[in-house]
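Worksheet for the structure shown next.
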Amino acid sequence: MTALTIVRGDITRQQVDALVNAANSSLLGGGGVDGAIHRRGGPAILEECRALRASRYGRGLPTGQAVATTAGELDARWVIHTVGPVWRPGGDPSLLASCYRESLRVADELGARTVAFPAVSTGVYRWPMQDAARIAVDTVRGVRTAVEEVRFVLFDDRAYEAFALQLG
Ligand code: ADP
């Protein structure tokens, strides 16, 4: 059984096996969670991201997929980078669900037992918070994984309350 937990806070302060980055497909850094992870995690993460761009992901990491790197100086073993979809009216939720599913698949490959997620796509990518929370929680509940704890790390009250509502 995977325990789903929520905390209000900064994902870069979490002590977990793996933390998930709401990256963009360039893998070369951005704002929001991405910026915070690279700032606190140090240059080793970007170095591995550059190597991924030079090899497997020459055209970037496609939306809905996930790939791991070192966590650098963060209190974790790995960062799992996933690229959420940009919201648009009538947007297809399957790519957002895929971010959670693929990140957990990568976590299982790594042998991670505790994984922290931000609310993927709800920042610069504008996905409505309630809908994003429902997709996140439903997807994680539906995945078969050896991960023991999935911790949603929510940055503000609005995000926290949306996820709390879903977890009931
Ligand atoms: P996206 O481009 O996928 O929308 P963002 O990083 O812009 O990603 O935002 C995703 C969510 O993460 C937003 O709800 C934002 O408020 C939140 N967030 C921003 N910084 C942090 C952080 N350090 N820890 C946890 N959540 C964060």
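Nothing in this text is a laboratory measurement; each read-out follows from the coordinates by a stated rule. The structure displayed is predicted, hence computed values, not measured ones. Please note: Cβ atoms are built from the backbone with ideal geometry, for glycine as well, and neighbour counts cover all protein chains shown.
Below are the figures for this structure:
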{"quantity": "Residue match in the stretch 19-26 (condition: exposed (fewer than 14 other Cβ atoms within 10 Å of the Cβ), of a type in the set (Gly, Ala, Ser) and away from the ligand (no atom under 11 Å from the Cβ))", "calculated": "no"}
{"quantity": "ARG144 vs. criteria among the charged types (D, E, K, R) and under 19 Å from ASN24 (Cα atoms)", "calculated": "no"}
{"quantity": "Test: residue in the stretch 114-133 that is away from the ligand (no atom under 11 Å from the Cβ), surrounded by fewer than 18 Cβ atoms within 10 Å (Cβ to Cβ) and over 28 Å from GLY168 (Cα atoms)", "calculated": "no"}
{"quantity": "Cβ-Cβ under 9 Å pairs, at least 6 apart or on other chains, the stretch 27-54 side farther than 11 Å from THR70 by Cβ and among the β-branched types (Val, Ile, Thr), far side within 16 Å of the ligand (Cβ to nearest atom) and in a helix (DSSP H, G or I)", "calculated": "VAL33/ILE11; VAL33/THR12; ILE37/ILE11; ILE37/THR12; ILE37/ILE45"}
